[in-house]
Amino acid sequence: MLDNPEKTARLLDALKAAVPFRVELVPSLVDYLRAQHVGIADQTQHIVSDLSYAGDEGGIVCHIVPPDKQEALVVSLTQVRVPRSMPLAAAVADYHNHRIKKLKKQGDVRSTRVSGPRRF
């Protein structure tokens with residue numbers, strides 16, 4: 001099991017209470033989406049409109065629906081960065097680092113460790 005169920009549920013509830021909030025897509029995700037010709041990748045900063053839990057495979061996922069509502073994106077919380085000014089920024093960074101560590105042990109990670117939320 002990758003995630004601590006109680007801790008993850010608390011973070012998910014807190015993040016849902018904070019919706020809407022701004023995130024920045026990680027560069028590797030932006031590159032991938034652009035290669036797939038996904039228009040939402042034209043901007044790296046987006047507003048999270050909802051969150052859900054996709055089990056151990058996906059973890060906490062952010063729902064991003066742009067104002068034009070032509071495309072939507074559901075992306076793992078580990079593939080976005082929250083502003084440092086967000087009260088939950090440290091908890092999000094801890095969640096990210098924990099998941100990456102567990103995924104690395106399983107050999108299933110292509111992402112790198114984040115030292116903390118980025119300022120934007």
Inset, instruction - Compute the length gained on full extension between residue 90 and residue 71: take 0.36 nm times their separation in residues and subtract their Cα-Cα distance, giving the result in nm to one decimal. - result: 3.9 nm
Inset, instruction - Quick one: compute the contact order of the chain, relative version, from alpha carbon pairs under 8 angstrom and 6+ residues apart, as a percent. - result: 23
Inset, instruction - Would you mind pulling out the separation of the Cα centroids of the stretch 83-103 and the stretch 1-20, in Å? - result: 11
Inset, instruction - In whole Hz, with x marking every Gly and Pro, tabulate ³J(HN,Hα) for the stretch 60-65 from phi via Karplus 6.51 cos²θ - 1.76 cosθ + 1.60, θ = phi - 60°. - result: 6, 10, 9, 9, 10, 10
Inset, instruction - Can you find, among 95, 76, 55, the residue farthest towards the positive end of the dipole of the stretch 5-106? Put +1 on the C-beta of Lys and Arg, -1 on that of Asp and Glu. - result: 95
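Since every read-out is calculated from the coordinates, none of them should be taken as a lab result. None of these values were measured; they are calculated from a predicted model. Positions of Cβ are generated from backbone atoms using ideal geometry, with glycine treated the same way; all protein chains shown enter the neighbour counts.
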